[in-house]
1. Taking only DSSP H segments of four or more residues, each worth -39500 (n - 2.57), what value at 222 nm results for the chain once the sum is divided by all its residues, to the nearest 500 deg cm²/dmol?
2. Kirkwood Rh, Cα Rg: Rg to Rh for region 18-142?
3. Full-extension gain between Ala65 and Val35, please, as 0.36 nm times their residue separation minus the C-alpha to C-alpha distance.
4. Between Ala119 and Arg49, what is the FRET efficiency for a Förster distance of 30 Å, r being their Cβ-Cβ separation, to the nearest 0.05?
5. For the chain, which span is the longest to avoid every loop-located (per DSSP) member of GluC sites (Glu not before Pro) having at most 10 other Cβ atoms inside 10 Å?
Amino acid sequence: MTKAKVPAEGTARPEVPAELLDTVRSICVGLPEVVEEQAWVGTRWTVGRHNFAHVVPIAGGWPPAYARAAGTAGPCNVLTFRSTGLELEALGAIGHPFFRPVWGTRWKPPVAGLVLGGATDWDEVAELVTDSYCVMAPKMLAARVDRPALETDDA
């Protein structure tokens, strides 16, 4: 087993800005039985033992798997989350700021990502994170989440 590459010696690991972390945190902690924890890099949120959202800073091409997936050496921050079906296909087709990490296809449900920045639509982020939570949470917890009804053409 190989160890994850680390930033060059003497270089501090990048950190997610507090304001950005607080914004994502406010979305995640509003969901039932969520736990926030420090990940090997960045911060992640879980339900049960299942990761449904993870914010990772990228700087100087580190961490390399995230930098390659997002198509940037940074500095920036990315959010990864779980997605399925047509939503996953659409996010993959949109391209930047969305991305589909190759390593994320091995997990079920698959992982999608979003480069966060000044143009980030936080309502969309809240929807994506909530959907991710509902995909990963036990059915009884997902049922407690207030989600807008899907629009139909019948209206």
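1. Details: 5 runs with 47 residues, N = 155.
Using -39500 (n - 2.57) per qualifying helix, the result is -8500 deg cm²/dmol.
2. On the way: Rg = 13.4 Å, Rh = 14.4 Å.
Checking Rg against Rh, the ratio lands at 0.93.
3. Working: separation 30, 0.36 × 30 = 10.80 nm, distance 2.46 nm.
Full extension of this stretch gives 8.3 nm more.
4. Rounded to the nearest 0.05, the efficiency is 0.35.
5. On the way: sites that count: Glu9, Glu151.
For GluC sites (Glu not before Pro) (loop position, at most 10 other Cβ atoms within 10 Å), the longest site-free span of the chain is 10-150.
Laboratory data are not the source of any read-out in this text; all were calculated from the coordinates shown. Remember, predicted model here, so these are calculated numbers, not experimental data. Cβ coordinates were reconstructed from backbone atoms using ideal geometry, including for glycine residues, and neighbour counts include every protein chain displayed.
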